[in-house]
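Trainee: Structure provided below as structure tokens; questions to follow.
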Amino acid sequence: MRASFPLLHLMLCVASRVRYEPVMTMTETDVVIIGAGHNGLTCAAYLAMAGLRVHVVERRKVLGGAAVTEEFHPGFRNSVAAYTVSLLNPKVIADLKLAEHGLKIVERRAQNFLPAPDGSYLLTGEGRTAQSVAKLSAHDAEAIGEFSRELEAIADVLRRLVLRAPPNLVENFGAGAIRESLGALTTANILRGLSLEQQRDLLDLFTRSAGEMLDERFEHDLVKALFGFDAIVGNYASPYAAGSAYVMLHHAFGEVNGKKGVWGHAIGGMGAITQAIARAARERGVEIGVGAGVREVIIERDRAVGVILDNGETVRAKYVVSGVNPKLLYTSLIPANALPESFLARIKHWRNGSGTFRMNVALSALPSFTALPGDGDHLTAGIILAPSLAYMDRAWSDARAHGWSREPVIEVLIPSTLDDSLAPDGAHVASLFCQHVAPTLPDGKSWDEHRGEVAELMIRAVDKYAPGFGKTVVGRQVLSPLDLEREFGLLGGDIFHGALSLNQLFSARPMLGYADYRGPLKGLYHCGSGAHPGGGVTGAPGHNAAHAILRDHRTLFKSRG
Ligand SMILES: Cc1cc2nc3c(=O)[nH]c(=O)nc-3n(C[C@H](O)[C@H](O)[C@H](O)COP(=O)(O)OP(=O)(O)OC[C@H]3O[C@@H](n4cnc5c(N)ncnc54)[C@H](O)[C@@H]3O)c2cc1C
């Protein structure tokens, strides 16, 4: 596949006695994919399974994008960014035979543990939730079953929509318009499966704030916080912001080993997922190059025909597929004069910016929480340190004014309680996913100057619930929003490649008219989280983009006879 011209060039130079100048390698292939995130790799694997030659190019030295496992302290490994699995689509797992390629996902022994400063707590999971909620509020014990069923019914609809391109708005009447109308009918049919009452719930979940909805249903702060946390994960907003209910729903459409709504752990960390996808892809002949990013997409006569890498190499292809944030693609990798003006003007306003700060810590011992001291299944859970919606709301206001919340929202996960491959015997690793820091600090402050101070604050915040935690930290890795942008290309540290707000979802992701995974230039496609259904380790945009490309490829092939 790799056409190697330098030797021939050298011989010609010698023969004609001209000075030898090295020529950069040029590769020709069917598809070049920008970025070896899990979606780029998924797209590559599907395309290769259909017989296309695929080349993936990745800027980092490690493949996997935000789903990677790395050693961050001697002897201690952990998922660097994404840290927990549920949304990875079961069809993708089955189609790519990820289990055969080494992926093993286990359930947490308890789902969530929410300690409160007064010593009370909520512990959820199979066979635990009802009893634990009842200890806090008889009213909520009644209400939680109904709310979970409502959420589950709507999540089921979302499950049926994630592996479909959303209806795409097209101008003029033609084959495209007919295809889109048929697609829209299928989507409408899926929605028609809901009762009128469920359609009202759907509307609420798409438009309202999680805070309002939860205040209407529940009375206890911890019960509201259990759901409210999902509404602000990666969403730099108050749980009372309109649209936050959708973010809550977005975290509910997953499953682990057939159990809906459950979160689990990939043995070996999140990198085990991308390694398994990469193995599936390579088995079908996909070539993955790491350590050289795309400098520019080559455009010839309004068509994307390849990429030029930072090291000067060129990869020419029939199809160019982007797995990076859409704003990064269109404002940094494609010459402005190649794009329709109105498209460029709009994509410049693509909203990025999660309020997240990510830490990995190496621990000499397990933490002991005041609310539930000692070891136990609660230490395998997602431990949410944010005891009420009001606390989350304050954290957001504080971050807006100050740059970070002085009482932050943190999910602590200790994957080594389920996986002994991550830390030495007797030691542990924990992920701290901290919410509500400003993507860009106010008053000209830089994350480079404040990273360490905020990391200390996060450790102290855990210490309040688990005294002595800080003393057990023997190593740490710290990623501010700026670090997430520099390291992974996540603009504004946005974990989803663009906010999950109504104007950036479904048919509007990444823009009305371009929701079918095709970009504004011929031969250009989107396969990353900036396309439907958005962020999370789902594999869905990669799967859907591959289908769009294969459809176009078959049409091209047929038309050429
Ligand atoms: C801190 C954090 C925590 C998260 N937690 C979870 C979680 O627990 N569970 C979950 O499901 N989701 C989580 N997410 C979200 C999830 O990880 C992402 O939405 C998802 O991994 C994005 O996958 P992707 O393949 O679309 O893009 P990415 O993983 O972002 O991959 C894009 C790739 O493109 C590469 N790239 C960028 N520029 C170039 C260039 N010029 N040339 C070549 N390559 C380039 C990048 O290096 C990267 O490898 C989290 C994300 C973050 C950041």
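The values are calculated or read from the model by the stated rules, or taken from the named source; none is laboratory data. If you're wondering where the values come from, they're calculated on a predicted model, not measured in any experiment. Cβ coordinates were reconstructed from backbone atoms using ideal geometry, including for glycine residues, and neighbour counts include every protein chain displayed. The protein model used for the area step is the full one, side chains on, heavy atoms only, and it has no ligands, DNA or RNA in it. Shrake-Rupley method; radii C 1.70, N 1.55, O 1.52, S 1.80 Å.
Trainee: So residue 83 passes all but one of these: (1) near the ligand (Cβ under 7 Å from one of its atoms); (2) within 13 Å of residue 288 (Cα to Cα); (3) of a type outside the set (Gly, Ala, Ser). Which condition number does it fail?
Mentor: Against the list (1) near the ligand (Cβ under 7 Å from one of its atoms); (2) within 13 Å of residue 288 (Cα to Cα); (3) of a type outside the set (Gly, Ala, Ser), residue 83 comes up short only on (2).
Trainee: Would you call residue 205 of a type outside the set (Lys, Arg) and more than 16 Å from the ligand (Cβ to nearest atom)? Show your work before the answer.
Mentor: On the way: of a type outside the set (Lys, Arg): yes; more than 16 Å from the ligand (Cβ to nearest atom): yes.
So residue 205 passes the test.
Trainee: Could you check the stretch 356-367 and list, in sequence order, the residues that are in a loop (DSSP other than H, G, I, E, B) and buried (at least 16 other Cβ atoms within 10 Å of the Cβ)? Even if it seems obvious, please write down each step before you answer.
Mentor: Filtering the stretch 356-367 for residues in a loop (DSSP other than H, G, I, E, B) gives 364-367.
Scanning the stretch 356-367 gives 366, 367.
Trainee: Taking the conditions exactly as written (open to solvent by less than 10 Å² (accessible area, probe 1.4 Å), touching a Phe, Trp or Tyr at 6+ places or on another chain (Cβ under 9 Å), in contact (Cβ under 8 Å) with a residue 60 or more places away in the chain and at positive phi), does residue 513 satisfy them or not? Outline the logic, then answer.
Mentor: Working: open to solvent by less than 10 Å² (accessible area, probe 1.4 Å): no; touching a Phe, Trp or Tyr at 6+ places or on another chain (Cβ under 9 Å): yes; in contact (Cβ under 8 Å) with a residue 60 or more places away in the chain: yes; at positive phi: yes.
Considered against the rule, which asks whether it is open to solvent by less than 10 Å² (accessible area, probe 1.4 Å), touching a Phe, Trp or Tyr at 6+ places or on another chain (Cβ under 9 Å), in contact (Cβ under 8 Å) with a residue 60 or more places away in the chain and at positive phi, residue 513 comes out as no.
Trainee: Please tell me if residue 482 is more than 26 Å from residue 249 (Cα to Cα), modelled with pLDDT of 95 or more and within 14 Å of the ligand (Cβ to nearest atom).
Mentor: Details: more than 26 Å from residue 249 (Cα to Cα): yes; modelled with pLDDT of 95 or more: yes; within 14 Å of the ligand (Cβ to nearest atom): yes.
So residue 482 fits the description; yes.
Trainee: Separate question: Limited to the stretch 99-136, what total is found for residues that are within 27 Å of the chain's Cα centre (by Cα) and of a type in the set (Gly, Ala, Ser)?
Mentor: Selection size over the stretch 99-136: 4.
Trainee: Scan the stretch 315-355 for residues that are open to solvent by 50 Å² or more (accessible area, probe 1.4 Å) and part of a helix (DSSP H, G or I) and jot them down.
Mentor: The answer is 327, 331, 332, 336, 337, 341, 342, 345, 346.
Trainee: Would you say residue 149 is in a helix (DSSP H, G or I) and within 16 Å of the ligand (Cβ to nearest atom)? Outline the logic, then answer.
Mentor: Numbers: in a helix (DSSP H, G or I): yes; within 16 Å of the ligand (Cβ to nearest atom): no.
When the stated conditions are applied, residue 149 does not pass them.
Trainee: Return only the number of the condition from (1) within 16 Å of the ligand (Cβ to nearest atom); (2) buried (at least 23 other Cβ atoms within 10 Å of the Cβ); (3) farther than 16 Å from residue 359 by Cβ that residue 505 does not satisfy.
Mentor: (2)
Trainee: Count, please, the residues in the stretch 29-78 that happen to be closer than 18 Å to residue 304 by Cα and among the polar types (S, T, N, Q).
Mentor: Residues flagged as closer than 18 Å to residue 304 by Cα and among the polar types (S, T, N, Q) within the stretch 29-78 amount to 1.
Trainee: I'd like the full set of residues that are within 15 Å of the chain's Cα centre (by Cα) and at positive phi, limited to the stretch 243-268.
Mentor: Passing the criteria: none in range.
Trainee: In this structure, does residue 188 turn out to be touching a residue at least 24 places away in the same chain (Cβ under 8 Å) and either open to solvent by 40 Å² or more (accessible area, probe 1.4 Å) or among the hydrophobic types (A, V, I, L, M, F, W, C) (or both)? It would help to see each step written out before you state the result.
Mentor: Working: touching a residue at least 24 places away in the same chain (Cβ under 8 Å): no; either open to solvent by 40 Å² or more (accessible area, probe 1.4 Å) or among the hydrophobic types (A, V, I, L, M, F, W, C) (or both): yes.
No; evaluated as a whole, the condition is false for this residue.
Trainee: Additional query: With closer than 21 Å to residue 344 by Cβ, open to solvent by less than 20 Å² (accessible area, probe 1.4 Å) and within 12 Å of the ligand (Cβ to nearest atom) as the only criterion, which of 523, 542, 498 stands out?
Mentor: 498
Trainee: Same structure again: Of the residues that sit in the stretch 295-314 and are open to solvent by 20 Å² or more (accessible area, probe 1.4 Å) and under 25 Å from the mean Cα position of the chain (by Cα), which one is farthest from the ligand (Cβ to nearest atom)?
Mentor: Among them, the one singled out is 296.
Trainee: Would you be able to tell me the number of residues in the stretch 202-229 that are of a type outside the set (A, V, I, L, M) and open to solvent by less than 20 Å² (accessible area, probe 1.4 Å)? First the steps, then the outcome.
Mentor: Of the residues in the stretch 202-229, the ones of a type outside the set (A, V, I, L, M) are 204, 206-209, 211-212, 215-221, 224, 227-229.
From what is left, the residues that are open to solvent by less than 20 Å² (accessible area, probe 1.4 Å) are 209, 211, 218, 228-229.
Number satisfying all stated conditions: 5.
Trainee: While we're here: Can you find even one residue in the stretch 388-397 that is part of a helix (DSSP H, G or I), within 26 Å of residue 488 (Cβ to Cβ) and open to solvent by 10 Å² or more (accessible area, probe 1.4 Å)? Walk me through how you get there before you give the answer.
Mentor: Within the stretch 388-397, the subset part of a helix (DSSP H, G or I) is 389-397.
Filter again for within 26 Å of residue 488 (Cβ to Cβ), leaving 392, 395-396.
Subsequent filtering for residues that are open to solvent by 10 Å² or more (accessible area, probe 1.4 Å) retains 396.
Yes, there is a match, as at least one residue in the stretch 388-397 is part of a helix (DSSP H, G or I), within 26 Å of residue 488 (Cβ to Cβ) and open to solvent by 10 Å² or more (accessible area, probe 1.4 Å).
Trainee: Name the residue, out of 60, 77, that is near the ligand (Cβ under 7 Å from one of its atoms) and either at pLDDT below 95 or open to solvent by 10 Å² or more (accessible area, probe 1.4 Å) (or both). Spell out how you get there, then give the answer.
Mentor: Working: 77 fails: near the ligand (Cβ under 7 Å from one of its atoms).
Checking each option against the conditions leaves just 60.
Trainee: Would you please name the residue that is nearest to residue 480 (Cα to Cα), looking only at residues in the stretch 92-129 that are open to solvent by 20 Å² or more (accessible area, probe 1.4 Å) and within 16 Å of the ligand (Cβ to nearest atom)?
Mentor: Among residues in the stretch 92-129 that are open to solvent by 20 Å² or more (accessible area, probe 1.4 Å) and within 16 Å of the ligand (Cβ to nearest atom), the one nearest to residue 480 (Cα to Cα) is 112.
Trainee: Can you run down the residue pairs with Cβ atoms below 9 Å, 6 or more apart or on separate chains, where the first is in the stretch 328-355 and touching a residue at least 24 places away in the same chain (Cβ under 8 Å) and within 16 Å of the ligand (Cβ to nearest atom) and the partner is among the aromatic types (Phe, Trp, Tyr) and open to solvent by 20 Å² or more (accessible area, probe 1.4 Å)?
Mentor: Close Cβ pairs satisfying both conditions: 353/236; 354/236; 355/236; 355/396.
Trainee: Considering 475, 470, 452, 444, which residue is more than 15 Å from the ligand (Cβ to nearest atom) and assigned to a loop (DSSP other than H, G, I, E, B)? Write out each step before concluding.
Mentor: Working: 475 fails: assigned to a loop (DSSP other than H, G, I, E, B); 470 fails: assigned to a loop (DSSP other than H, G, I, E, B); 452 fails: assigned to a loop (DSSP other than H, G, I, E, B).
Of the residues listed, the single one that is more than 15 Å from the ligand (Cβ to nearest atom) and assigned to a loop (DSSP other than H, G, I, E, B) is 444.
Trainee: From the residues in the stretch 137-161 that are open to solvent by 20 Å² or more (accessible area, probe 1.4 Å) and among the acidic types (Asp, Glu), which one is nearest to residue 534 (Cα to Cα)?
Mentor: 156
Trainee: Something else now. Being under 23 Å from the mean Cα position of the chain (by Cα), among the polar types (S, T, N, Q) and open to solvent by 10 Å² or more (accessible area, probe 1.4 Å) is the filter here, so list the residues in the stretch 425-464 that pass it.
Mentor: Once the filter is applied, which keeps residues that are under 23 Å from the mean Cα position of the chain (by Cα), among the polar types (S, T, N, Q) and open to solvent by 10 Å² or more (accessible area, probe 1.4 Å), the stretch 425-464 yields only 440.
Trainee: Does the stretch 129-138 include one or more residues that are farther than 13 Å from residue 226 by Cα and among the hydroxyl-bearing types (Ser, Thr, Tyr)?
Mentor: Scanning the stretch 129-138 turns up at least one residue that is farther than 13 Å from residue 226 by Cα and among the hydroxyl-bearing types (Ser, Thr, Tyr).
Trainee: Inspect the stretch 197-212 for any residue being in a loop (DSSP other than H, G, I, E, B) and modelled with pLDDT of 95 or more and give the result as yes or no. Spell out the reasoning first.
Mentor: Filtering the stretch 197-212 for residues in a loop (DSSP other than H, G, I, E, B) gives 208-209.
Cutting the leftovers down to modelled with pLDDT of 95 or more gives us 208-209.
Yes - at least one qualifying residue is present in the stretch 197-212.
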